[in-house]
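Here's the structure we're looking at; comments come further down.
The values are calculated or read from the model by the stated rules, or taken from the named source; none is laboratory data. Please read all numbers here as calculations on a predicted model, not as lab measurements. Here the Cβ is made from the backbone with ideal geometry for all residues, glycine too, and neighbour counts use every protein chain on show. Only protein heavy atoms, including side chains, enter the accessible area calculation; ligands, DNA and RNA are left aside. Shrake-Rupley method; radii C 1.70, N 1.55, O 1.52, S 1.80 Å.
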Amino acid sequence: MTSMTFGRAINAGLRRAMEQDPRVLIMGEDVGKLGGVFRITDGLQKDFGPLRVVDTPLAESGIMGTAVGLAFRGYRPVVEIQFDGFIYPAFDQIVSQVAKMHYRSRGTVKLPLTIRVPFGGGIGSPEHHSESPEAYFTHTSGLRVISVSNPQDAYTMIQQAIASDDPVLYFEPKRRYHVKGEVDEAAAPQLPMGSARVVSEGSDVTLVAYGPLVPTARDAAVAASDEGVSVEVIDLRSLAPIDFATVEASVRKTGRLVITHEAAQSGGVGAEIAASITERCFEYLEHAPVRVTGFDIPYPPARLESHHLPDLDRILDGVDCVLDRPSSLAGVVSGSAAS
C-alpha cells in the first residue's frame, strides 16, 4: 500500500496503462511539458515522449475529432478536457460520433476512447471552470460515464476505462485532487467498472452520492449516528450504466432514500435514481425519495459557491425529511432556484 494524493493516483494509473499498452496515448491542452493545469500528467511526456503525450491547440472539437480517428485506427487515446466547462465545444463530436459509431457500424467499429473531465466546484474558480455536466452524457446512449471519489478508485478505474472497448467519460472531482489515501498498485480491481460500492452500512436511510460528495456523505452518516440514525452510504461510481441492483437492495432494507450531487436538480442523475427506485421499490418505501443537489441556476461566483454546493447540513436535512423529523433547514433541500 502506498499513500498518494487523488491526483497522483490518476497519474500513476495513466502511467501503468501506457507501460502496458503502446497504443495508449494522451492528448489535450498543456498535458505535455506543463503536465496539465492540475499536474495530473506531470512527467509523462518526459518518460513517454511527445508522440504519446501530445500538447494540442485550444480546440476541444478538434481534439475530440482527432481522438475519434485514432480510436478508429486501433489506438486507445485518453483525452483531457482541461476544465468541465470546456467540454461543450466537443459535445457534437462526443454525442454524434463517439457515442454512435459502434451502433452505426452494426458493431464492426469500436471506439476505445477515454475522456477525462475534471468537474465540480469548491476551488473558487471563475465562470466555466466549475460545471457538473455529467447528466448531458448519461442521457446519451452509447457512452459509459463514471465518477471516482477516492485515490484507489482513481488509480484502478482510469485503467479500467482505458482498457474498455467502449467510450468512457471519466469524471474526476477537482476539489479532491489533493486528498490522500492508500493505494494498492498491485491489487486486482475489487469491482467491475459499472458497479456501485457500499461505503458504510446502515439500516435506517440509504444515502447515494458520487464523485466529490462521497466524503461529505460519509461525514453526514457519522453525524447522523450521533443522533441514533443509521445511514447506509453508497458510492455510485458508475453513472451510466447505474448499478440499480445495489441501490435497490439497500432501499429494500432501509425504506428511505436520499440522493445528493453537485449538479442541478432538474434532469439530474438523482432524478433518474429517484424515479427508477420508486418504480422498483414502491412497496418498500416509507417516504418519497429526496434529492439534495445544487440549485437550478448557472454556477454562482466563487464567493457564493459554498451556499450552492450541498454540504453536511443540507444532506442531514434530507435525512431528517425522509425520517419525517423536524427539519432545521426547511425549504432548502429542494434544488430549485425558488427555494
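Brief remarks follow.
- In the range 306-321, the residues that are under 16 Å from Pro289 (Cβ atoms) and open to solvent by 10 Å² or more (accessible area, probe 1.4 Å) never reach a residue that is among the basic types (Lys, Arg) and in a loop (DSSP other than H, G, I, E, B) with C-beta atoms less than 7 angstrom apart, at least six apart or across chains.
- Long-range neighbours under 7 Å by Cβ, at least six apart or interchain, first residue closer than 17 Å to Asp165 by Cα within the range 11-34, second open to solvent by 70 Å² or more (accessible area, probe 1.4 Å): Arg23/Tyr75; Leu25/Tyr75
- Of the criteria (1) surrounded by fewer than 24 Cβ atoms within 10 Å (Cβ to Cβ); (2) touching a residue at least 40 places away in the same chain (Cβ under 8 Å), which one Gln160 fails: (2)
- Condition check for Arg237: basic (Lys, Arg), at pLDDT 95 or above, within 15 Å of the chain's Cα centre (by Cα) and under 22 Å from Ser141 (Cα atoms): yes
- Some residue of the range 295-302 being open to solvent by 40 Å² or more (accessible area, probe 1.4 Å), within 18 Å of the chain's Cα centre (by Cα) and modelled with pLDDT under 95: yes
- Any hit, the range 192-199, residues being closer than 24 Å to Gly28 by Cβ, touching a strand residue (DSSP E or B) at 6+ places or on another chain (Cβ under 7 Å) and not in a strand (DSSP E or B): yes
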